[in-house]
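Single-structure report; data block below.
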Amino acid sequence: MKLKWTHGAALLACVAMSGCGMIGGGGKAPKGQVVATVNGEEITITELNRELGGAAPANPQERKAIEQAALQSIITRKLVAQTAKEQKLDKTPIFAQQELQAKEAMLVGAMQRKIASTVVAPTRAEAEKFVADHPDMFAQRKVMVVDQIVVGKFKPELMKEFEPMTTLEQIEAVLARESLDYQRTTTVLDTLNAPEDLTKTLAKLPPGEVFIFPRGNAVFVNQIRDSRVMPFTGDRAVNYAIAGLKSLRTQEAVVKQVETIRKGAEEKITYNDNYKPAKPAAKPAAKPAAPAAAPAGASPT
C-alpha cells in the first residue's frame, strides 16, 4: 500500500508541474481575470486568492512563488476532479451522500455567518465589567506548568488507591503494576482560557496536590509543578473580552435560532417507527411558589 501511495503522490506532483508536459500548450493564453485554464475550465484571480488564504508577502519574489504553488495546487485538483468525472465517480451513491453532506454543511455555515452578522458587538463598558468580574482570567491570571499522566479508563477501585498518593511517580508505579498503558507529559494551563469551574477548583488545591479528571475515554492525572501570576490587563484585555463576548453572544444566537427552526418544523418531521425518539418524561406539577422574602429593613404588611 505504501508503494502505491508513493507512486500516486509522485504522479500527482508530476501533474502539478508544467515540466511534466501535462499542462500548457494549445489554445490562446488566458488574459484579464483568468489566470489559467485546465481543459477549458477557467481559474480566476478570485479563486487563486481564495486558495492563498490571505497570504500576501511584501517581497514580490516570495509572493510570486506562493502564487505559483497555489495555482499548481488548483490545477492538480481540477485535473484529478475532471478525471474522476470522466470515470463517473461523481455518479456513485457514496459521492451523492458526501456531496449532499458537504452542501448542507456549507448552508449551515452560511446561516451561522448570517446570524453572526446581526449580533450587536459588546460595548467597551460591558467588556471592562467582564474583565473586572473575572479576576482569575485577567488581573490575577495564572500560567501553570503541569506534569501530567494520560491513561485510558481504569477500574474504579484504583481511584481509592490513588487518594493518599502525593507524587505522579507513585501513581506510575500502580499503573505499571496493573499493566496499564499511559503517557507521561508536561502541559501548560492558562487560566485566561481555562474553564472557569476548573480554575476555581485549582485555586482551592494545596500546593503540589495531585488532581485527577476524566475527559472522553481518557483519565488525566495532574500535578502543578510551577504557577506564576501573569496579569492580563489594559486595552489588550478589554479587546480580548469584547471578542469573547461577541463569540458567546453569537453562539447563543445560533442556538436560539436553531431551536426556533426546530420548533417551527416539528409537525413536518416524520419517523420510521423503529427510529422515533423517546417521548420526554412528563414534568411534575409545579408546587405553589413560596411568598417572596421581604427586602432587608422592610416591615411586613
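Each reported figure results from applying straightforward, stated rules to the coordinates on display, with no laboratory input. Small disclaimer: the values here were computed from a predicted structure and weren't measured. Quick reminder, even Gly has a Cβ in these numbers, built from the backbone with ideal geometry, and neighbours come from all protein chains shown.
Across segment 142-229, C-alpha contacts under 8 Å between residues 6 or more apart give a mean separation that, scaled by the residue count, equals a relative contact order of 53 percent. Phi angles across segment 176-189 convert, under the Karplus curve 6.51 cos²θ - 1.76 cosθ + 1.60 with θ = phi - 60°, into 3J(HN,Hα) values of 5, 4, 8, 6, 9, 6, 8, 10, 9, 8, 10, 10, 10, 10 Hz, Gly and Pro given as x. Enumerate the residues in segment 197-213 having an amide nitrogen under 18 Å from the point lying 7 Å beyond the Cα of A139 toward its Cβ. Those under the cut-off are 200. Between the amide H of A36 and those of I43, distances stay under 5 Å, these residues lying 5 or more places away or on another chain, with hydrogens modeled in the peptide plane. A simple rule links phi to the HN-Hα coupling: the Karplus curve 6.51 cos²θ - 1.76 cosθ + 1.60 with θ = phi - 60°, which for segment 83-94 gives 5, 4, 5, 4, 8, 6, 6, 7, 9, 7, x, 5 Hz, with x for Gly and Pro. Amide H contacts for V119 (H built 1.01 Å from N in the peptide plane; partners 5 or more residues away or on another chain; cut-off under 5 Å): none found. With Cα atoms defining each centre, segment 141-212 and segment 69-119 are spaced 43 Å apart in the structure.
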